[in-house]
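Colleague: After the structure tokens below, expect a handful of questions from me.
The values are calculated or read from the model by the stated rules, or taken from the named source; none is laboratory data. Because the structure is predicted, anything quoted here is derived from the model rather than measured. Glycine also receives a Cβ, built like all others from the backbone with ideal geometry; neighbour counts cover every protein chain displayed. In case anyone asks, the SASA skips ligands and DNA or RNA and just uses the protein heavy atoms, side chains included. Shrake-Rupley method; radii C 1.70, N 1.55, O 1.52, S 1.80 Å.
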Amino acid sequence: MAQTQGAYYVPHGSHWPIVGSFGLLGAVGGAGLWLNEVMVGKPIMAVGIGLLVVMLFGWFGSVIRESLAGYYNKQVDVSFRMGMIWFIFSEVMFFAAFFGALFYARTFSVPWLGGEGDGALTNFYLWPQYAAAWPTNGPADIGGGFSTMSPWGIPLLNTLLLLSSGVTITIAHHALRTGHRARLLVFLALTVILGAIFLGFQVHEYAEAYEHFNLTLGSGIYGSTFFMLTGFHGLHVTLGAIMLAVMWARCAKGHFTRDNHFAFEAVAWYWHFVDVVWLGLFLFVYVL
């Protein structure tokens with residue numbers, strides 16, 4: 001397709017969407033087979049993940065080359081911004097669903113099982129010994145007894161780390177807009193390091209939960225919501241740290257200017273979103 005100067009850029013046909021589709025099919029299908037103890041599941045999943053990695057490098061590489069070639073005008077920039085806003089909104093809804101499940105379990109399900117409201121007969125006939133209290137692994141003590149993680153140890157430290165990373169990414173963004181490249185690289189690197197330290201502490205916390213507190217995914221509704229919320233957040237921190245590392249490499253190569261750096265802004269938006277989600281997690285999962 002011929003490209004007219006100043007027109008809205010429409011790229012040529014790309015093979016990356018179909019590569020990504022096969023990658024997702026292999027990764028998810030292979031994982032399903034692996035969980036069902038089918039021997040070919042693990043290698044299929046590995047091939048699928050490999051295809052996804054190749055797709056990410058190839059597709060984002062194409063976008064970077066198009067940007068550096070000057071193909072993107074103001075209208076394309078607006079499209080990118082709208083796309084990122086909708087993506088973050090979808091992520092907000094994703095976590096809202098899990099927070100909603102936690103709220104529903106704590107506010108409605110557990111009291112009903114304990115005999116409150118319309119659950120009186122359920123408690124009387126099925127679970128007469130069940131006392132409505134949170135955290136809970138019951139009724140029936142699914143997964144056995146467990147202890148909760150104290151919010152004032154690693155969780156508080158991780159909160160301080162993520163809040164600090166929000167400050168460092170803001171300083172890096174300001175340095176980019178004012179043309180201070182050295183400061184940009186230093187504070188962007190600090191943001192990546194803080195994210196990596198956060199993940200290291202979270203892995204340590206998971207090991208402690210399993211080995212010393214018997215808190216697992218099988219520990220009833222509390223265990224499942226705890227690991228689903230913190231685990232998916234940890235996955236988002238991992239993706240965010242990878243994106244920040246890519247931004248650092250692009251900044252080091254001089255890909256961005258003071259007025260043209262939306263890729264950096266998009267990752268900064270994402271990182272601030274990750275920070276805000278963690279504050280909700282710290283408050284509603286650990287403290288309350």
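Colleague: Calculate the translational D of region 129-225 in whole µm² s⁻¹ from Stokes-Einstein, where the hydrodynamic radius comes from the Kirkwood formula applied to all Cα pairs, the temperature is 37 °C and the viscosity 0.692 mPa s. Present the calculation step by step, with values, prior to reporting the outcome.
Modeller: Working: Rh = 15.8 Å.
Translational diffusion coefficient: 208 µm²/s.
Colleague: Just Gly20, Gly83, Gly231 to compare: in a GNM of the chain, with alpha carbon springs under 10 Å, which one fluctuates most?
Modeller: Gly20
Colleague: Give me the log10 of I(q) over I(0) for region 97-168 at q = 0.11, 0.22, 0.23 Å⁻¹, as the Debye formula computes it from C-alpha points; what are the numbers?
Modeller: Debye curve over Cα of region 97-168, log10 I(q)/I(0) at q = 0.11, 0.22, 0.23 Å⁻¹: -0.43, -0.99, -1.03.
Colleague: Per residue, how large is the accessible surface of the chain? Use a 1.4 angstrom probe and give square angstrom. Could you put the intermediate results ahead of the total?
Modeller: Numbers: 16260 Å² over 288 residues.
Heavy-atom SASA per residue in the chain reads 56 Å².
Colleague: Can you pull a Stokes-Einstein diffusion coefficient for region 174-237 at 10 °C (1.306 mPa s), Rh from Kirkwood over Cα pairs, as a whole number of µm²/s?
Modeller: Details: Rh = 13.9 Å.
The calculation lands on 114 µm²/s.
Colleague: Can you check what the net charge comes to around Gly61, using other residues whose Cβ is under 15 Å from the Cβ of Gly61 (Lys, Arg +1; Asp, Glu -1)? Working shown, then result.
Modeller: Values: positive: Arg65, Arg250, Lys253; negative: Glu66.
My count for the surroundings of Gly61 gives +2.
Colleague: Okay, moving on. Find the eigenvalues of the gyration tensor of the Cα atoms of region 6-64, then list the square roots of 5 times those eigenvalues as equivalent ellipsoid semi-axes, largest first, in whole angstrom.
Modeller: Working: eigenvalues 197, 17, 9 Å².
Each semi-axis is the square root of five times an eigenvalue, giving 31, 9, 7 Å.
Colleague: Moving to a separate point now. Assuming R0 = 35 Å, can you tell me the calculated FRET efficiency for the pair Arg177 and Ala207, based on Cβ-Cβ distance, to the nearest 0.05?
Modeller: Working: r = 41 Å, r/R0 = 1.17.
With R0 = 35 Å, the Cβ-Cβ based efficiency is 0.30.
Colleague: For region 169-277, taking Cα atoms only, what is the radius of gyration to one decimal and the Dmax to the nearest whole Å?
Modeller: 17.1, 53
Colleague: Assuming 1.306 mPa s and 10 °C, estimate D for the chain with Stokes-Einstein, Rh taken as the Kirkwood radius over Cα pairs, in µm²/s.
Modeller: 72 µm²/s
Colleague: If you wrap region 63-103's Cα atoms in a convex hull and average its projection over all directions, what's the area in nm²? Present the calculation step by step, with values, prior to reporting the outcome.
Modeller: On the way: hull surface 13.2 nm².
So the Cα hull casts an average projection of 3.3 nm².
Colleague: Take the solvent-accessible surface of the protein heavy atoms, probe 1.4 Å, and return the percent of it on region 3-155 that carbon and sulfur atoms account for. Present the calculation step by step, with values, prior to reporting the outcome.
Modeller: Values: 7140 of 10130 Å².
Percent of accessible area from carbon and sulfur atoms in region 3-155: 70.
Colleague: Quick one: which of 114-120, 172-178 comes out on top by average Cβ neighbours within 10 Å, and what's the full order, highest first? Don't skip to the end; give the middle numbers.
Modeller: Values: 114-120: 14.3, 172-178: 18.1.
Highest mean packing first, the order is 172-178, 114-120.
Colleague: Let me ask something else. Can you give me the % of accessible surface on region 157-288 that is carbon or sulfur? Probe 1.4 Å, all protein chains present, nothing else counted. Walk me through the numbers before you get to the answer.
Modeller: Values: 4210 of 5840 Å².
Percent of accessible area from carbon and sulfur atoms in region 157-288: 72.
Colleague: For region 169-247 and region 270-288, compute the distance between their C-alpha centroids and round to whole Å.
Modeller: Region 169-247 and region 270-288 have Cα centres separated by 11 Å.
Colleague: Another one. Taking Cα atoms of region 222-274, Rg/Rh with Kirkwood Rh, to two decimals? Present the calculation step by step, with values, prior to reporting the outcome.
Modeller: Details: Rg = 14.5 Å, Rh = 12.4 Å.
Reported Rg/Rh (Cα atoms, Kirkwood Rh): 1.17.
Colleague: Now a separate question. Mean residue ellipticity at 222 nm from the helices of the chain, using -39,500 (n - 2.57) per DSSP H segment of n ≥ 4 over the full residue count, to the nearest 500 deg cm²/dmol? Intermediate results must be reported in sequence, preceding the final value.
Modeller: Details: 9 runs with 199 residues, N = 288.
Rounded to the nearest 500, it is -24000 deg cm²/dmol.
Colleague: OK, next. How much length would be gained if the chain were fully extended between Leu24 and Asn73, taking 0.36 nm per residue of separation minus their Cα-Cα distance, in nm to one decimal? Please list the in-between numbers first.
Modeller: Numbers: separation 49, 0.36 × 49 = 17.64 nm, distance 3.17 nm.
Extra length from Leu24 to Asn73 when fully extended: 14.5 nm.
Colleague: Can you quote the Å³ per residue value for the convex hull of the Cα atoms in region 1-101, rounded to an integer? Could the numbers behind the result be given before it?
Modeller: On the way: hull volume 10.9 nm³, N = 101.
Each residue corresponds to 108 Å³ of Cα convex hull volume.
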